[in-house]
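Working notes, beginning with the structure itself.
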Amino acid sequence: MRLFDTLSREIRELKPREGDTYRFYCCGPTVYGPAHIGNFRTFVLQDVFRRTLEICGLKTFHVRNLTDVDDKTIRDSQAAGKTLTDFTEYWTKKFHKDCDSLNNLPPHKEPSAVGHIPQQVAMIEELVEKGHAYRSDDGSVYFSVSSFPTYGKLSRLDQRELKTGASGAITDDEYEKDSVADFALWKGRREEDGENYWESPWGQGRPGWHLECSAMCREYLGESFDLHSGGVDLVFPHHENEIAQSEACTGASMADHWFHTTHLLVDGGKMSKSAKNFYTLADIEKAGFTASELRYVLISAHYRQPLNFVARDAEGNESFPALQGARQALQRIAKFEKSLKDAAGETPEFSYEDAISLTDRGSFEDAIQALADDLNTPEAFGRIFSAMKAIKPGDLKPEEALREWKGLHTALEAMGIELPAEEEKSEAPPEIAEKAEQRWKAKQDKDWATADRLRDEVLEAGWEIKDTKEGYELCSKN
RNA sequence: GGCGAGGUAGCCAAGUGGUAAGGCCGGGCUCUGCAAAAGCUCUAUCGCGGGUUCGAUUCCCGCCCUCGCCUCCA
């Protein structure tokens with residue numbers, strides 16, 4: 001598999017450092033509220049990345065952290081009148097439920113910042129010892145950027161002029177540091193932190209944000225590992241600072257490869273609560289769409305391209321045309337899958353593990369290859385649809401149909417796409433079923449006026465009559 | 001201001017130095033009493049202006065526009 005590397009700015013072949021297991025770290029969510037669809041673009045893409053690696057024959061070791069202590073978790077837990085732990089556990093559960101709905105494989109390890117305070121403190125001690133960090137008067141400890149000559153290599157900081165405080169986020173009276181570029185490894189306890197503090201050699205306080213990832217990477221993946229991942233916005237400062245901490249501490253190169261996903265836009269603009277275009281999975285489901293349909297949309301653009309999530313139609317109504325399109329496309333694939341299944345006669349159970357071990361993907365090999373080439377999900381979809389067009393299930397021998405069926409499922413598993421279940425045919429209320437039956441009789445008698453009237457009545461009641469070769473079907477419109 | 005990404009059909013979105021995948025929507029056709037469903041099929045010269053080249057959407061230069069980052073936002 002090949003993938004673009006942010007550090008070298010090249011598409012590079014992925015090779016595990018050790019054995020046949022690819023070991024990587026993904027920056028996870030800060031659990032202080034529901035994750036939004038932009039967050040999930042990243043987490044879904046990371047999941048497709050992992051699935052592709054595994055289907056390409058590698059084993060993986062996937063670590064993703066939970067940030068459960070920072071300004072926001074402390075602030076919002078206090079506002080909610082809960083302990084930090086109760087508060088973050090609540091949002092962690094929500095996050096896991098959403099990931100599950102979206103069909104993301106759970107990481108092999110999911111460490112949390114609060115669960116790794118000793119490791120973080122130990123790392124700071126090493127950094128202080130080695131002269132890369134200093135304590136300030138308020139009990140905080142800062143990383144000295146000037147002590148780390150290659151600082152900025154990931155974000156090409158050496159080539160930028162930092163506009164100090166351009167984001168408006170610096171409030172330099174809060175903490176005392178030598179240089180604006182320095183960042184906190186440990187934050188001295190403040191009044192507003194309440195009971196959320198830990199003991200350390202520098203007094204009571206809590207770890208800085210960047211540090212947790214460095215400490216947990218080291219704990220579970222060692223000094224050097226295969227790949228580190230996150231959204232583009234993490235390139236600077238978060239990942240830059242992680243590199244500085246880790247490499248200053250261990251002297252070893254932190255990660256061989258850096259994988260960053262570009263942001264999602266909503267209706268061409270940034271998603272924000274004030275613009276009322278801020279969506280969570282719950283919002284999508286409330287609007288009548290499924291997590292699977294959202295997943296389709298989230299991987300419909302290449303990960304290094306901005307993805308424009310269209311929520312409003314040309315009239316400005318919030319009708320989610322992107323999700324409607326996804327629904328149609330998924331239904332088309334589902335129908336094709338059904339026709340392959342019919343042509344094959346019987347089809348076996350086919351799990352993700354089966355997909356990993358399958359070597360003959362038939363006509364869908366091309367789709368897998370598109371994923372293996374810099375995770376080109378839109379190209380993969382294109383190739384799936386092209387293959388579907390080329391295959392005539394009715395003309396295939398059962399064994400050929402089975403082969404294509406397995407190949408299709410493998411391509412879908414690689415992207416984590418779940419097909420919609422077949423439409424419910426029965427379960428219509430008796431009076432609807434009765435009308436449909438009367439309509440069928442009228443049709444047999446060629447009494448078109450009566451037949452059409454009954455069909456319209458049934459339709460108004462929310463059920464659609466579809467004639468088939470043998471008779472008719474009743475489908476719920478809901 | 002600095003750095004980065006991007007502008008491809010109504011919408012979404014791949015890709016390529018030799019005249020552009022795929023999906024949605026829409027049109028046409030087939031089938032059907034009609035309809036739905038299904039199948040087939042049609043719809044772009046790639047932001048603008050130069051340059052390099054036999055030839056550029058693809059390379060270079062300039063311009064316009066959009067988006068992101070510039071210290072705790074995936």
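The values are calculated or read from the model by the stated rules, or taken from the named source; none is laboratory data. Everything quoted here is computed from the prediction, not taken from an experiment. In this analysis, Cβ positions are derived from the backbone assuming ideal geometry, glycine residues included, and neighbour counts consider all displayed protein chains. Please note that ligands, DNA and RNA were not included when accessible areas were found on the heavy atoms of the full protein model with its side chains. Shrake-Rupley method; radii C 1.70, N 1.55, O 1.52, S 1.80 Å.
Data for the structure
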item: Built amide H within the under 5 Å cut-off of A:Leu265, gap 5+; result: A:Leu307, A:Asn308, A:Phe309
item: Residue-normalised accessible area of segment A:430-476, expressed per residue, 1.4 Å probe, Å²; result: 66
item: Nearest-ten-degree value, helix A:117-129 long axis tilted from longest Cα axis of chain A; result: 40
item: For segment A:430-476: relative contact order, % (alpha-carbon pairs under 8 angstrom, 6 or more apart); result: 31
item: Which listed pairs, of A:Lys341/A:Lys435; A:Lys130/A:Lys187; A:Lys177/A:Lys273; A:Lys94/A:Lys335; A:Lys338/A:Lys392, have C-alpha distances above 22 Å, in listed order; result: A:Lys341/A:Lys435; A:Lys177/A:Lys273; A:Lys94/A:Lys335
item: Residue-by-residue Karplus 3J(HN,Hα) for segment A:140-153, coefficients 6.51, -1.76, 1.60, Hz, glycine and proline x; result: 8, 10, 10, 7, 8, 4, 5, 7, 10, x, 8, 4, x, 5
item: Charge tally in the Cβ shell below 11 Å around A:Glu353, where Lys, Arg are +1 and Asp, Glu are -1, A:Glu353 excluded; result: -4
item: 3J(HN,Hα) from dihedral phi, segment A:294-299, Karplus parametrisation 6.51/-1.76/1.60, rounded to Hz, x for glycine, proline; result: 5, 4, 4, 5, 5, 10
item: Cβ crowding within 10 Å averaged over residues, with A:453-462, A:36-45 ranked highest first; result: A:36-45, A:453-462
item: All Cα pairs of chain A, percent lying beyond 32 Å; result: 51
item: Helix axis angle, A:321-344 relative to chain A longest principal axis, alpha carbon, degrees; result: 60
item: Protection-proxy order for peptides A:20-30, A:83-93, each taking the mean of Cβ atoms within 10 Å per residue, highest first; result: A:20-30, A:83-93
item: Segment A:219-377 - percent of accessible surface contributed by carbon and sulfur, probe 1.4 Å; result: 47
